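First comes the structure, then the notes that go with it.
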Amino acid sequence: MSSQSEPKRPFPQPATGHTKSFWRTSLHPLDSHRETPDLPSETDILIVGGGYAGASAAYHLFPENQTPNPPRVVLLEARELCSGATGRNGGHLRPDLYSITAQYIERYGLEAAVEVVRFEISHMKEIADLVAKEGIDCDLTFSKSFDIYLDAAELQKKKEFVDYLRNQNLDFMDDVKYLSETEAQEIAHVRGAKGGFSFPAGHLWPYKLITQLIAIAVSRGLNLQTHTVVSEIGQTRTAEGFWPVTTSRGTIHARKIILATNAFTASVAPEYSKAIIPAKGLCTQIVASPGAPYRHLPETYAIRHGPGAYIYQISRNDGSIIVGGASWTFKNDLEQWYNNTDDGTLIDKVETYFDGYMQRTFFGWEDSGAEVKHIWTGVMGYSADSLPHVGEVPNKPGQFLAAGFNGHGMPVVFLSGRAVAKMALDSVSFGETGLPKLFETSRARLDPVYDDILG
């Protein structure tokens, strides 16, 4: 039974402890940083969340050539820097060229769907240019990505749709190559493969990217405050035009707010409780035994066991493999993942799934002795309609949101963070940001027509 003296626990709230992600095995000096010992009493722009979206927004709020009087910007992170979903994902910079496009076309039309695809593809060059410009060391690597199907009926259905997209004369489909059953087994080396596709993708060390972006912003004036939980944002502004924000370290008043809160959005914006739901997932790092033989796999993978059943995988430059997914194995046990914000525990039904995974999945790994070295969970923000929510929070002028990335943030978030930074800093409209129109958050989307999370 709770007592009145216990702190208020909003829904949902970041866990106080968490499983250890491989990406967080080498910590940045800013991991638990507080730029000032005390929380400022007010700021011009407040960013809530120290993951990918928050880091992108912060970076874009502090351009290389700043104005003489830059805004005061404070970033609050509930735990350590980049300790949420971004620091626990698969590091997969893989645009979705066709997997969910059929759904978007059916609901919104070909033009709107293609706009999303082109936006995701653009992140490949944007991240490459960013890393080169800023000298960011994050193991950014570009390669081919294999999309492999173990179910012949699902493959045939997908091939028909890929052929339909080709017939629309979409240039990006030129990069999609079909793999026959023989090619999928001999080139992609996947046991039992019925066929698949390949196209360009990339991968990186997400924690290193985000912490170095934050370090750039701090060097230009960002006030970073970690270990500061936001429990409430006032429903109205003060007479002076500030939003009061209650935290675990006191109240800060902000003229504008950027919510980079993803799975935890409903804790500070309750109107999103139906639109963005926390969803727990699991990821691993697998390593071959020292000196044991194994086939080098330079490509990234999605391996599809059936409709809605897939594994994602990247091969790191050090030879280890990052593998995650397998959500179909626990999807019916809702308590394990749905609306579950506890990344301090594993998921029972998939905890041992990746034991022996490489040996049973790939030719050339039979004698590798590959074992799971790290295993962790993370909490993603799933949106009811499978689309991110980006833009001004309805009926709350001066509050902006970038959240609900559906476990697919790497090829989506960077430019979304730039967009909300422009909205907050330059008062540009959503239409002026260049984001896909389907991403715009709205009052109508807060009461979803679809429930793609539970089907």
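The values are calculated or read from the model by the stated rules, or taken from the named source; none is laboratory data. No experiment lies behind these values; they were computed from the predicted model shown. Here Cβ is always computed from backbone atoms with ideal geometry, including for glycine, and neighbour counts include all displayed protein chains.
If the condition is being of a type in the set (Val, Ile, Thr), modelled with pLDDT of 95 or more and in contact with a Phe, Trp or Tyr (Cβ under 7 Å, 6 or more places away or on another chain), then the range 348-384 contributes only Val372.
Here's the yes/no breakdown for (1) at pLDDT below 95; (2) within 15 Å of Val413 (Cα to Cα); (3) among the small types (Gly, Ala, Ser):
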position: Ile105; (1), (2), (3): no, no, no
position: Gly109; (1), (2), (3): no, no, yes
position: Val114; (1), (2), (3): no, no, no
position: Val117; (1), (2), (3): no, yes, no
position: Ile121; (1), (2), (3): no, yes, no
position: Leu130; (1), (2), (3): no, yes, no
position: Ile136; (1), (2), (3): no, no, no
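Where helices (runs of 4 or more DSSP H) sit wholly within the range 262-362, none has at least 3 residues that are at positive phi and assigned by TED's automatic domain parsing to the domain that holds Val176. Of all the criteria given as (1) assigned by TED's automatic domain parsing to the domain that holds Ser32; (2) of a type in the set (D, E, K, R); (3) surrounded by fewer than 15 Cβ atoms within 10 Å (Cβ to Cβ), the one not satisfied by Asp174 is (1). Within the range 122-137, being part of a helix (DSSP H, G or I), in contact with a helix residue (DSSP H, G or I) (Cβ under 8 Å, 6 or more places away or on another chain) and surrounded by 17 or more Cβ atoms within 10 Å (Cβ to Cβ) holds for His123, Ile127, Leu130, Val131. Scoring Thr19 on the criteria (1) modelled with pLDDT of 95 or more; (2) part of a loop (DSSP other than H, G, I, E, B) leaves a single failure, condition (1).
Among the criteria (1) touching a Ser or Thr at 6+ places or on another chain (Cβ under 8 Å); (2) surrounded by fewer than 16 Cβ atoms within 10 Å (Cβ to Cβ), the one Arg107 does not fulfil is (1). Residue-level analysis places Lys144 among those that are surrounded by fewer than 20 Cβ atoms within 10 Å (Cβ to Cβ) and in contact (Cβ under 8 Å) with a residue 24 or more places away in the chain.
Count of the range 431-452 residues, restricted to those that are hydrophobic (A, V, I, L, M, F, W, C), surrounded by fewer than 18 Cβ atoms within 10 Å (Cβ to Cβ) and in a loop (DSSP other than H, G, I, E, B), is 1. If you filter the range 269-308 down to residues that are among the hydrophobic types (A, V, I, L, M, F, W, C) and under 19 Å from Asp452 (Cα atoms), you find that the one that is surrounded by the fewest Cβ atoms within 10 Å (Cβ to Cβ) is Ala279. Which pairs do you get when a residue that is on the phi > 0 side of the Ramachandran plot, found in the range 177-198, comes within reach of a residue that is assigned to a loop (DSSP other than H, G, I, E, B) and of a type in the set (Lys, Arg), reach meaning Cβ atoms under 9 angstrom, with the pair 6+ apart or on two chains? Cβ pairs passing all conditions: His189/Arg295. In the range 429-444, is there at least one residue being closer than 23 Å to Tyr338 by Cα and hydroxyl-bearing (Ser, Thr, Tyr)? Checked against the condition, which is being closer than 23 Å to Tyr338 by Cα and hydroxyl-bearing (Ser, Thr, Tyr), the range 429-444 yields at least one hit. Looking across the range 283-335, just one residue is among the acidic types (Asp, Glu) and touching a residue at least 40 places away in the same chain (Cβ under 8 Å), and that is Glu299.
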